[in-house]
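The values are calculated or read from the model by the stated rules, or taken from the named source; none is laboratory data. Fair warning: this is a prediction, and the values are worked out from it, not measured in the lab. Here the Cβ positions follow ideal geometry from the backbone for every residue, glycine too, while neighbour counts run over all protein chains shown. With ligands, DNA and RNA removed, areas are computed over all heavy atoms of the protein, side chains included. Shrake-Rupley method; radii C 1.70, N 1.55, O 1.52, S 1.80 Å.
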Amino acid sequence: MILIIDMFVVLLILIISLSGCNQTKYESNSDQACEVISIGDAFEKKSKVPLSEYACAIDYIPLETAPECMLPGATLLQVRSFEDRLYFYNGMQALATIKTAPLCFKSDGSFISLIGSVGKSDNEFLHVKDMMINASDRQLVILDYNRFLFHTLDGKFIKSVDVEINSLFKFSIFCNGNDGFVYLKNPSLHDDGVSWDKDYLVKIDSAGVVQSKFSLKRKFLYKTGTADGTVKTSVGAALLKSMESLYVYMHNDTLYRLDPSDMKLETEMFLDFGKYASTAEKLGAKLFTISNPLFITPDFVALTVLFTYSVFRDIIDKEYIQANFVYDRKRGTTRALEYNEEYGYAGFTNDIDGGMLFYPKYMNEGKMYQLVDAIDFIEYAQKGNSQKMKQVAATLTEESNPVMVVATLKE
């Protein structure tokens, strides 16, 4: 009888252990206090933040303009950089009527080559869902709908690999070197047996084989002011990357660092939205996560917060529905960047050379990047005092390719 009970206990423990294999492992950061970014307090008083607090230099790089390398508008473009290469692709290509291949430029703006081609062959793609750089293998990886296409850094095709992802929009993926690829998938109608209360954090290898998969519980809230009145909605997680670290944003207020080797989540930062926070009765402010607008360095964190318009339209000016913040990690202070009427956005005041207002679109290898359409750059050069901007603007026409503004971070 004792033996039977012991075997039952062992079996029960085994079942419990196995049932937990699909749950992500959470850990609190016990060695140090969790950093708190005070969004609510900072939002009450907007600030002009000098770029020189965090950057030591700024450069303006006009991208070569020629028929074979014309780029769409700056707002549509996504940027990747590696060593002396810059890569651009249309981040809204899934909605575009004309599909285009990514383009590769040198860091001085001169054009190198197209990356792949549009089509249905094994070495072609229908649209670029995402483009990643595998630094360890020195390869570019394009994600089509359910395929990886591997290229050299100069765009020569290597191979394609089928992967099963089934998601067009509610999705983010990052290459993590020898740890393969990590992606976060929100519920989709394309999924079999879709569960609307869970997101999935998945790790796959370069052959597209799933190595691990974990579920993340979504948070249910009520959204007011819709055409159907107040409706119940779920708030999911988001996967983000800054420098070489991965982060998961969950529960509408917590940022976790993800260790891709064992897929553990460790609490990194807490976003205190104050009176703008979500409650069980309403959907409040949240971290804006589209196109990975999170920039974390040892000195500061730059992030964008979205204030739900239907909830806050009576108390927030429309210019601040999508607001930029900077958190100083050494001082522990948070500042909301002041909206600039002349430029039409909020950013860092360029006190390095007196040029245009700066706010990054992408960051890698100690540099922050902002893309500006030529027509806007010409106008900004006239407004500012930067001689470098004026010299570049003199070489442009309104039909020129965008200009890449590069801010070098302090070491």
In nm, to one decimal, how far is the modelled label at residue 84 from the one at residue 270, with both set 7 Å along Cα→Cβ?
4.8
Additional length obtainable on full extension of the chain from residue 331 to residue 33, 0.36 nm per residue less Cα span:
105.9 nm
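Percent of accessible area on segment 226-352 owned by carbon and sulfur, 1.4 Å probe?
Numbers: 2520 of 5410 Å².
It is 46 percent, rounded to a whole number.
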Note: residue 408 to residue 321 extended length (0.36 nm per residue) minus current alpha-carbon separation gives 28.4 nm
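Probe of 1.4 angstrom, ligands and nucleic acids ignored: what's the accessible area per residue over segment 328-392, in square angstrom?
Values: 2910 Å² over 65 residues.
Averaged over the residues of segment 328-392, the accessible area is 45 Å².
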